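Everything below concerns the one structure shown next.
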DNA sequence: TTGTATGCGTTATCAA
DNA sequence: TTGATAACGCATACAA
């Protein structure tokens, strides 16, 4: 493997000149530049990663990671865990990472957080774009400063960002539909179930993908209530019981947002002896247990570990080496988990 | 983040002394060593990765990757692709990788290959343990030289190796059983199907896991012929047609080894109008297509990309930094693929 | 327009 | 038992 030094010797020039050419910096005679480029191509020059990292240390990069605080049983807990692991890795390359965890959505709390972030002089920011005034204002400040931002879990195209890392929710809905079909021989009746306050982006997209996939690909499947979801409240599952009483023909349900997890148990109880397949999202701790015990039939993952780690990695590569992310939207895998492969 | 230099200053000694202590090398006065250790712990010292890589370059490592040659539609093709990608990455760290692809199992061919490997003075080897005389002899030679070996895809405990990277086949069989149950409401009749020459390790293990999981967890499921597989020949699927004619009650089949892929189509045709779920292994190109078109219901993956990349990565870490692999057996994920998430 | 010198953190050799 | 020094490959400030 060739090094800059070797190329310099072959070209009969100094390392500095070679570096100028390979990094497209001005101040080299065209003929010389041409020669060096030719030699570099000939010896298949690839810059040594360790050398680049070492040199990049001098930039003393500082990155931010802004996310929702999640207790042990939530999706964002898994994301933050992954981010902390990646943070240790990047610290070993001389990068500093600051974490900003949003606990409550109080105005003063968010404003204080935003002020803190603005004062921290970050070189890059990975965050969930929470559309509250304080956070929106923060994003605009970072945008104005030219600080690169990467969004994860939720995209927000109205803000200039480097890229998005997270789930393709429409596609997730389609996978859920495929699972519903798979578990009912392609001829079942399936319903949507969701928590009362689920009029959010990810719910809408998943429901859309689910209904579309069913109608486009599984004509023999019946979608209950034309795709209108059964809505339940935190701690009150009477709507679920009513659903099963009124629809004995129900073969499968896709619970889009759970809130807590009791709803799965309630649904299983309400279904009684009938075979019923229950499909959910996000393999958090509580759901592992329910998959094991057969309460939940299948769960769709969206790689929280990637959502936590990749944004930081991409920011580092962008700032340290000037490498752009590979795509505008980097979608996570849509993993299917059942009792045996968790 | 602290560096050796900073620790040296704090301790009032030279970098060399700090290095000796932190790398457990002899020749340091116990008192001094104690002090340095204390300071290192206090400042939470973690060695800089780039520095280590750079220093490790001087070792001029050379690794080997020995695998079956696979054409575009085979599992080993995906493995080799991943290995080549990782090889480029490691080349950028100053490591040389040599590939040895086994095309045919002729005695002379294997002997020539083994001789070549032995002459190449490798520092480490990633390989599939093919138990033919020439390769066995090669493994013993490497073992005698103290060259670390990592096996992937198939384990071979009789040879001293650093670790195994690959599928837990028994568990894969259990996942297949879970899928069979999921697609038949837990009450179906399911059969095993496999190619004639499948009396190999991975077949045995998968069949074992499959039958065990069914009997232990799904008492309402019926396993056809007590788990004895229906065996078909390359290009001759009469056994498959006979199977469906004699067993109209069949709801699902797990095709353990396919050989070519026509068997899936034949089974779908033989099943006629009945809902039948077909479960297979390994998401190679041809199977993607069949998942899309609905011929195959679900496929179990075993991360060929990890099997190709991780062994090389682990060899590098072992040889460059003296880091042992995290476990004796590193199992790949058992991914479930359906039409919508490939 | 080009060359030289220095530093990033770690490791290893040589000298004291 | 310890210190000083050079080397790995890259980037860059400064000198020529």
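The values are calculated or read from the model by the stated rules, or taken from the named source; none is laboratory data. Bear in mind the structure is a predicted one, so any value in this text is a computation, not a measurement. Virtual Cβ from ideal backbone geometry, glycine too; neighbours counted across all protein chains shown.
The set of residues in the range B:320-342 being within 16 Å of DNA strand D (Cβ to nearest atom) and surrounded by 16 or more Cβ atoms within 10 Å (Cβ to Cβ) consists of B:320 alone. Taken over the range B:17-44, the criterion of being surrounded by fewer than 13 Cβ atoms within 10 Å (Cβ to Cβ), on the phi < 0 side of the Ramachandran plot and within 12 Å of DNA strand D (Cβ to nearest atom) is satisfied by B:25, B:26, B:29, B:30, B:31, B:34.
When the residues of the range B:286-303 are filtered to those that are part of a strand (DSSP E or B) and within 10 Å of chain A (Cβ to nearest Cβ), which remaining residue is nearest to the chain's Cα centre (by Cα)? Can you show your working first?
Within the range B:286-303, the first condition is being part of a strand (DSSP E or B), and the residues that meet it are B:298-300.
Narrowing the set further to residues that are within 10 Å of chain A (Cβ to nearest Cβ) leaves B:298, B:300.
Numbers: B:298: 20, B:300: 14 Å.
Going through the qualifying residues, I end up with B:300.
Would you confirm, using the coordinates I've provided, whether residue A:40 is away from DNA strand C (no atom under 14 Å from the Cβ), in a helix (DSSP H, G or I) and in contact with a helix residue (DSSP H, G or I) (Cβ under 7 Å, 6 or more places away or on another chain)? When the stated conditions are applied, residue A:40 passes them.
Looking only at the range A:57-73, filter to residues that are surrounded by 17 or more Cβ atoms within 10 Å (Cβ to Cβ) and modelled with pLDDT of 90 or more; which one of those is farthest from DNA strand D (Cβ to nearest atom)?
So in the range A:57-73, the residues surrounded by 17 or more Cβ atoms within 10 Å (Cβ to Cβ) come out as A:57, A:61, A:63-68, A:70.
After this cut, where a residue has to be modelled with pLDDT of 90 or more as well, the list is A:61, A:63-68.
Values: A:61: 13, A:63: 18, A:64: 23, A:65: 25, A:66: 28, A:67: 31, A:68: 36 Å.
Taking the candidates together, the pick is A:68.
Exactly one residue among B:224, B:243 is in contact with a helix residue (DSSP H, G or I) (Cβ under 8 Å, 6 or more places away or on another chain) and in the same structural domain as residue B:278 (by TED's automatic domain parsing), and that residue is B:243.
Evaluation of residue B:46 against the conditions (1) within 16 Å of DNA strand C (Cβ to nearest atom); (2) outside any loop (DSSP other than H, G, I, E, B); (3) within 14 Å of chain A (Cβ to nearest Cβ) shows that the sole unmet condition is (2). Scanning the range A:4-36 for residues that are more than 7 Å from DNA strand C (Cβ to nearest atom), in contact (Cβ under 8 Å) with a residue 12 or more places away in the chain and over 25 Å from residue A:318 (Cβ atoms) returns A:6, A:7, A:10, A:11, A:35, A:36. Residues that are assigned to a loop (DSSP other than H, G, I, E, B) and touching a strand residue (DSSP E or B) at 6+ places or on another chain (Cβ under 7 Å) within the range B:309-329 comprise B:325, B:327, B:328, listed in sequence order. Considering the conditions (1) under 19 Å from residue B:188 (Cα atoms); (2) in contact with a helix residue (DSSP H, G or I) (Cβ under 8 Å, 6 or more places away or on another chain); (3) more than 14 Å from chain A (Cβ to nearest Cβ), residue B:330 is excluded by exactly one of them, (1). Given the structure, is residue B:139 in contact with a strand residue (DSSP E or B) (Cβ under 7 Å, 6 or more places away or on another chain) and either surrounded by fewer than 17 Cβ atoms within 10 Å (Cβ to Cβ) or within 30 Å of residue B:108 (Cβ to Cβ) (or both)? In short, yes.
Scanning the range A:165-180 for residues that are more than 14 Å from chain B (Cβ to nearest Cβ) and surrounded by fewer than 23 Cβ atoms within 10 Å (Cβ to Cβ) yields a total of 0.
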